[in-house]
Amino acid sequence: MDKQAIIDAMADLEEDELYDYMNEIMDNDGEGVQEALEACQEGMKIVGDRFEEGEYFVGDLIYAGEILTEATNIIKPALTGDGQEKYGKMILCTVKNDLHDIGKNIVRAMLEAGGFEVMDLGIDVDPQTIVDTAKNEGIKIIALSGVLTLAVDSMKDTIEAFKAAGMRDDVKIIVGGAPVTETVCASVGADEWALSPQKTVSVCQAWAS
Amino acid sequence: MDKQQKQAMEALKAERIKLFRDQAAFRPTERVPHFCNAVTWKVFDAGDSLPEALTDFKVMEHSVRHFLDNYPVDGLMDTGIRNQFNVMEAFGSEGYYYYTDEAVGIKDHALCTIDTLMDYLEDEERYTWERVLPEKFGDEWNQKTLDQWKTAFKEYLKYTYFIIHMGSVSGKEYGVPSLAPNNPAKGAIQFGIEELESNLLGIKELSISLRRHKALLKEFCDKWDEKHIDPMIEKVYLSDGPQDDKYCFDASMILLSHNILNPKQFDMFLWPSLKRMLDAYAWKGESVRIFAEGSILRYAEKFNRYPKGTITFHLEQDDPFEFREAAPNCAIMGGLDTEMLANATVEECIAHTKKLCDELGRQGGFILSEGKMLSYKNDAKADNLKAICDFVTNYKL
């Protein structure tokens, strides 16, 4: 198993090459599977860096998420589960009254590559569902996504629901998406905000550390 | 309206068109004009019901008139003609769209797969009839009765009349001009890559296909150009030139795909077609308004090669000051975001508007507008929008 080759294949978005490496690992009874997974995650980190630098853009992140998922699926039977999600569980969703999922899905792929087990609650998720899930699963990090300006109201409602449940101080909440700015972050009462998946990952990792 | 009032409105409309044209061409004007991007927000502000306004032309007309009576805007992006569902309601097609008291949405889906793209291009009407519409409207598509068809056509005619009527109301009764000809290049300007993203494949499938099926997509875009864009470009070259007295701009187009394309993909799939179209407008001395959804700042320099007066960028999310730095030859529409309109004080709104006028409009090249459409009731405080409208109408540069 050539770890650097896997990193490069992931970073360069060489889909066929990446799958070939994954299949090779499975042909060798899963030998080096953990390193291969780490290599994919490192490659995904480079994808994020290239996005920040302007070489890649949103379409590339969507594609990267797709091939990372497929690559992980190939080697999944050989993975023991140990050490895959070193930062633990977190919640991600698009808030109530907003049906957009592309940005959310990109962030999910990056968060998973960044070491989180992401509970993706989907789109148009009402505040109480998010609160209940956090409570039942003992989750401390919540990422709320939205594209419509209407989503800002729902983000605020969600954070209010955490307050009403007496849980606001127990969780960290990051908001993201097109209508979100520093001012919006402050007005809805979130702890952080992000427009890029990279920032979302680094903020959540800092919270989880 | 008596004859004198009609003449006054005609004069006001002409004055506003000149204001827009002058600012777009970087000619200093007495004041900055405001082309308002209020859409369904008008309905809430008028105290009307959104579901009713979307299905009853009289209610929508009331909302639009209420807006024009209360907010002295120089232009209005939507005169109540977006998202009218009468035709589909009459057709008995549910499930394609939804609306509540607060919002309206379309349950959008891709019309093609990567495997059927070329079939679509070969015969768009046939493909649409046989493949797209059944998928879009569900199993009952082939079971429509003659009466349903008749009712739907009647509603379509009513809708067409409403569009004309509202254009007349805003122009003749309020002196508010139209943005651009409906068919600036004798047809809607839609580049191949835009069509792929907006309608045929959707964002996800297109993003994946840009990597997996690059050659096929390039072939599609080239053929799309031959079929749709080349004839438009030819007509632009053969046209009579600027229509100074009728519209604020000679053409209007919307760009979306730059939000997913990386620089290499932008150069391969969008820029060649877009450049040829803009070259034609520039050669004719015509002015084009481009609504750039999301952010187009990173490609701004490409557009700066055109002479002042050719391109006005309507910026949805980009900072207008940053954009001016990046593309000083492009006029800017924008400056007002929903965050400020919804949350700031009247004084803050006026201070921001004054800064925009002073720094971007004094030498020409700036038209005040809302970047994002005002859609939901909390997208703006009425007092803020009113104060901005009053300020920009009276503020002399």
If you go through B:341, B:368, B:385, the only one that is aliphatic (A, V, I, L, M) and touching a strand residue (DSSP E or B) at 6+ places or on another chain (Cβ under 6 Å) is B:368
Cross-chain or 6+ apart pairs with Cβ under 8 Å, region B:122-139 first and within 18 Å of residue B:227 (Cβ to Cβ), then in a loop (DSSP other than H, G, I, E, B) and among the charged types (D, E, K, R): none
On the given criteria, is residue B:289 touching a strand residue (DSSP E or B) at 6+ places or on another chain (Cβ under 8 Å) and either crowded, with 22+ Cβ neighbours inside 10 Å or under 29 Å from residue B:220 (Cα atoms) (or both)? yes
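Listed here are the residues, each with its yes/no results for (1) touching a residue at least 60 places away in the same chain (Cβ under 8 Å); (2) under 30 Å from residue B:49 (Cβ atoms).
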| residue | (1), (2) |
| --- | --- |
| B:317 | no, no |
| B:331 | yes, no |
| B:339 | no, yes |
| B:355 | no, no |
| B:363 | yes, no |
| B:366 | yes, no |
| B:376 | yes, yes |
Restricting the search to region B:58-75, which residues are farther than 16 Å from residue B:39 by Cβ and outside any helix (DSSP H, G or I)? B:72, B:74
Read through the list (1) within 14 Å of another protein chain (Cβ to nearest Cβ); (2) in a helix (DSSP H, G or I); (3) farther than 29 Å from residue A:158 by Cβ, then give the number of the only condition that residue A:55 fails. (2)
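Is it true that residue A:104 is surrounded by fewer than 19 Cβ atoms within 10 Å (Cβ to Cβ) and among the basic types (Lys, Arg)? Break it down stepwise before answering.
Details: surrounded by fewer than 19 Cβ atoms within 10 Å (Cβ to Cβ): no; among the basic types (Lys, Arg): yes.
Judged against the criteria, residue A:104 is not a match.
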Do the conditions hold for residue A:99, that is, is it within 22 Å of residue A:121 (Cβ to Cβ) and either not in a strand (DSSP E or B) or not assigned by TED's automatic domain parsing to the domain that holds residue A:159 (or both)? yes
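Would you list the helices (runs of 4 or more DSSP H) that sit entirely within region A:122-209 and hold 2 or more residues that are touching a Pro at 6+ places or on another chain (Cβ under 7 Å) and either without any contact (Cβ under 8 Å) to a residue 60 or more places away in the chain or closer than 24 Å to residue B:40 by Cα (or both)?
On the way: elements: A:127-137, A:150-164, A:182-188, A:197-208.
Here the list reads A:150-164.
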Would you confirm whether or not region A:20-33 contains a residue that is over 28 Å from residue A:206 (Cβ atoms), in the same structural domain as residue A:127 (by TED's automatic domain parsing), surrounded by fewer than 22 Cβ atoms within 10 Å (Cβ to Cβ) and out of contact with any helix residue (DSSP H, G or I) (no Cβ under 8 Å at 6 or more places or on another chain)? no
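Conditions tested, residue by residue: (1) over 30 Å from residue A:207 (Cα atoms); (2) in the same structural domain as residue A:130 (by TED's automatic domain parsing); (3) surrounded by fewer than 16 Cβ atoms within 10 Å (Cβ to Cβ); (4) in contact with a Lys or Arg (Cβ under 6 Å, 6 or more places away or on another chain).
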site: A:16; (1), (2), (3), (4): yes, no, yes, no
site: A:36; (1), (2), (3), (4): no, no, no, no
site: A:53; (1), (2), (3), (4): no, no, yes, no
site: A:59; (1), (2), (3), (4): no, no, no, no
site: A:65; (1), (2), (3), (4): no, no, no, no
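Evaluate the following for residue A:82: is it buried (at least 17 other Cβ atoms within 10 Å of the Cβ) and either within 14 Å of chain B (Cβ to nearest Cβ) or at pLDDT below 95 (or both)?
Details: buried (at least 17 other Cβ atoms within 10 Å of the Cβ): no; either within 14 Å of chain B (Cβ to nearest Cβ) or at pLDDT below 95 (or both): yes.
Here the answer is no, as residue A:82 does not meet what is asked.
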Let me confirm something: among B:12, B:68, B:76, B:19, which residue is farther than 19 Å from residue B:386 by Cα and buried (at least 18 other Cβ atoms within 10 Å of the Cβ)? B:19
Unique residue being modelled with pLDDT of 95 or more, within 14 Å of another protein chain (Cβ to nearest Cβ) and outside any loop (DSSP other than H, G, I, E, B) when the list is B:325, B:348: B:348
May I ask you to verify whether residue A:155 is more than 22 Å from the chain's Cα centre (by Cα) and either more than 14 Å from chain B (Cβ to nearest Cβ) or closer than 19 Å to residue B:339 by Cα (or both)? no
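Which of the residues that make up region B:292-306 are in contact with a strand residue (DSSP E or B) (Cβ under 7 Å, 6 or more places away or on another chain) and outside any strand (DSSP E or B)? Explain how you work it out, then say what you get.
Here is the first cut: in region B:292-306, the ones in contact with a strand residue (DSSP E or B) (Cβ under 7 Å, 6 or more places away or on another chain) are B:292-293, B:296, B:303.
Passing the criteria: B:293, B:296, B:303.
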Name the pairs: first residue in region B:51-73 and free of Cβ contacts under 8 Å to residues at least 24 places away in the same chain, second residue part of a loop (DSSP other than H, G, I, E, B), Cβ to Cβ under 8 Å, at least 6 apart or on different chains? B:59/B:48; B:59/B:49; B:62/B:46; B:62/B:48; B:63/B:46; B:63/B:48; B:63/B:80
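Checking the condition modelled with pLDDT of 95 or more and away from every other protein chain (no Cβ under 14 Å), which residue from B:251, B:280 passes?
Working: B:251 fails: modelled with pLDDT of 95 or more.
Exactly one residue qualifies, and that residue is B:280.
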Check on residue B:309, assigned to a loop (DSSP other than H, G, I, E, B), touching a Ser or Thr at 6+ places or on another chain (Cβ under 7 Å) and either basic (Lys, Arg) or touching a residue at least 24 places away in the same chain (Cβ under 8 Å) (or both): yes
Every listed condition ((1) without any contact (Cβ under 8 Å) to a residue 24 or more places away in the chain; (2) within 19 Å of the chain's Cα centre (by Cα)) holds for residue B:208 save (2)
Scanning region A:182-195 residue by residue, those within 12 Å of another protein chain (Cβ to nearest Cβ) and either surrounded by fewer than 16 Cβ atoms within 10 Å (Cβ to Cβ) or of a type in the set (Gly, Ala, Ser) (or both) turn out to be A:182, A:183, A:186, A:187, A:195
Which one is surrounded by the most Cβ atoms within 10 Å (Cβ to Cβ), of the residues in region B:105-132 that are within 14 Å of chain A (Cβ to nearest Cβ) and either touching a strand residue (DSSP E or B) at 6+ places or on another chain (Cβ under 7 Å) or assigned to a helix (DSSP H, G or I) (or both)? B:105
Every listed condition ((1) over 21 Å from residue B:248 (Cβ atoms); (2) acidic (Asp, Glu); (3) at pLDDT 95 or above) holds for residue B:339 save (3)
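Identify, please: which residue in region B:361-391 is among the small types (Gly, Ala, Ser) and within 14 Å of another protein chain (Cβ to nearest Cβ) and is, among those, nearest to the chain's Cα centre (by Cα)? So that I can check it myself, show each step before the final result.
Our first condition is that a residue be among the small types (Gly, Ala, Ser); within region B:361-391, this holds for B:361, B:364-365, B:369, B:371, B:375, B:380, B:382, B:387.
This time we only want the ones that are within 14 Å of another protein chain (Cβ to nearest Cβ), so: B:371, B:375, B:380.
Numbers: B:371: 11, B:375: 14, B:380: 19 Å.
Among them, the one singled out is B:371.
The values are calculated or read from the model by the stated rules, or taken from the named source; none is laboratory data. Predicted model, so just to flag it, every value in this text is computed and none were measured. Cβ sites come from the backbone with ideal geometry, for glycine too, and all protein chains shown count toward neighbours.
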